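The values are calculated or read from the model by the stated rules, or taken from the named source; none is laboratory data. Quantities reported herein were computed from a predicted structural model and do not represent experimental measurements. Virtual Cβ from ideal backbone geometry, glycine too; neighbours counted across all protein chains shown.
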Amino acid sequence: MRVECIGLGKSFGSKRAVNDLSFVLEPGVVTGFLGPNGSGKSTTLRLMLDLDRGDGETLFDGKPLTEYSSISRVVGTHLDAKLFHPQRTARSHLRMLAAESRVSDERVDEIIEYIGLKDVAKKRAKTFSLGMAQRLGLAGAVLADPKVLLLDEPANGLDPATIHWLRDFLRQYAAMGRSVLVSSHLLSEMELMAERIIVISKGELLANESVNDFIKRNQSFALAVRVDLPDSLQSILANRGIDVQRDGDLLKVNMDSPRELGNLCFENSIRVWELYEERGSLEQTFLELTSQSEEYKIGGV
């Protein structure tokens, strides 16, 4: 299901939390939703679900949610790890959700088994750790097999093995033609999980592209090479107008082709000891971009 957000906006008094935000979620893709604390991510998710009043609209295959008879079969959400009655057991909580979406008890038991809640299914939710509460929230989100998933920080409190499981689960879910939007502060994990990212700061869009394109767009040097004659290679590259950054015998070079750089060294009798692509990280690029955004906005006040 294609999800289109058009001109989303929300103010709290004089503060503009989300400002004219537009983007599209495509089926079959896990999209990461990134931004510093207070950037407007949670407010955006609530606007998408009509849980907050604000500007703009969100269309699910061209229609607002209000035009669907069973919303839980269209979009599954997990916005709060503790959004359940503390006295209910995990199974009774899921059965309550199942009644609204007309899901069978067999489906409830299937999800309990799949999400890893079998050992705690009869325990009251108030006794759950944060990690187990996250599992219960995810179970509720996917219970009705929705075509869209909107998840706000679902990895908080999870151990490394469960985070790995969550990554694989979301990628498999998207591979079945579903749209997945997930926010997280675990940027190294998001780099492995998401194919595309949306980055906002102070409620405004900073980036909306593939993870690889985002990293490359903010990366100055593509290749790193260690040679026996760094002075000679630096001079040759400079004469060709190629940017170089020097650190001892290691040169970081603004070239895209390792083969071209290797041939250049060979033609000039320069021994190559090491040659590799200098790839930045999502975390590094995100921090640089949002820090520039914050500095610009503060300076412009």
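Go through the residues of the stretch 58-69 one by one and say whether even a single one is within 27 Å of residue 120 (Cβ to Cβ) and crowded, with 18+ Cβ neighbours inside 10 Å.
No, the conditions are met nowhere in the stretch 58-69.
Specify the residue that is surrounded by the most Cβ atoms within 10 Å (Cβ to Cβ); the eligible residues are those in the stretch 240-267 that are assigned to a loop (DSSP other than H, G, I, E, B) and in contact with a helix residue (DSSP H, G or I) (Cβ under 6 Å, 6 or more places away or on another chain). Before you say what the answer is, go through the steps one by one.
Kept after step one, since they are assigned to a loop (DSSP other than H, G, I, E, B), are these residues of the stretch 240-267: 240-243, 248-249, 254-257.
Next cut, in contact with a helix residue (DSSP H, G or I) (Cβ under 6 Å, 6 or more places away or on another chain) only: 249, 255.
Details: 249: 15, 255: 17.
Among them, the one singled out is 255.
So how many residues does the stretch 56-108 have that are polar (S, T, N, Q), under 26 Å from residue 132 (Cβ atoms) and assigned to a loop (DSSP other than H, G, I, E, B)?
2
Please pick out the residue among 45, 51 that is within 23 Å of the chain's Cα centre (by Cα), loosely packed, with under 14 Cβ neighbours inside 10 Å, within 30 Å of residue 204 (Cα to Cα) and of a type in the set (A, V, I, L, M, F, W, C).
The conditions single out 51.
Surrounded by 21 or more Cβ atoms within 10 Å (Cβ to Cβ), within 30 Å of residue 287 (Cα to Cα), in contact with a Phe, Trp or Tyr (Cβ under 6 Å, 6 or more places away or on another chain) and aliphatic (A, V, I, L, M), is that true of residue 138?
It is false that residue 138 is surrounded by 21 or more Cβ atoms within 10 Å (Cβ to Cβ), within 30 Å of residue 287 (Cα to Cα), in contact with a Phe, Trp or Tyr (Cβ under 6 Å, 6 or more places away or on another chain) and aliphatic (A, V, I, L, M).
Answer yes or no: is there a residue in the stretch 209-222 that is buried (at least 20 other Cβ atoms within 10 Å of the Cβ), of a type in the set (Ser, Thr, Tyr) and not in a loop (DSSP other than H, G, I, E, B).
No - not one qualifying residue is present in the stretch 209-222.
Can you tell me how many residues in the stretch 40-93 are within 30 Å of residue 287 (Cβ to Cβ), in contact with an Asp or Glu (Cβ under 9 Å, 6 or more places away or on another chain) and at pLDDT 90 or above?
Number of matching residues: 13.
Touching a residue at least 60 places away in the same chain (Cβ under 8 Å), closer than 16 Å to residue 72 by Cβ and part of a helix (DSSP H, G or I): does that describe residue 138?
Spelling it out, residue 138 is indeed touching a residue at least 60 places away in the same chain (Cβ under 8 Å), closer than 16 Å to residue 72 by Cβ and part of a helix (DSSP H, G or I).
Check the stretch 174-190 and report whether any residue there is among the small types (Gly, Ala, Ser), crowded, with 19+ Cβ neighbours inside 10 Å and assigned to a strand (DSSP E or B). Full working, then the answer.
As a first pass, look at the stretch 174-190 and keep what is among the small types (Gly, Ala, Ser): 174-175, 177, 179, 183-184, 188.
Among the residues that remain, those that are also crowded, with 19+ Cβ neighbours inside 10 Å are: 174, 179, 183-184.
Okay, now just the ones that are also assigned to a strand (DSSP E or B), so 179, 183.
Within the stretch 174-190, one or more residues are among the small types (Gly, Ala, Ser), crowded, with 19+ Cβ neighbours inside 10 Å and assigned to a strand (DSSP E or B).
Would you mind finding the one in 58, 31 that is among the hydroxyl-bearing types (Ser, Thr, Tyr) and in contact with a Lys or Arg (Cβ under 6 Å, 6 or more places away or on another chain)? If you could, list the steps in order and put the result at the bottom.
Values: 58 fails: in contact with a Lys or Arg (Cβ under 6 Å, 6 or more places away or on another chain).
Unique residue meeting the criteria: 31.
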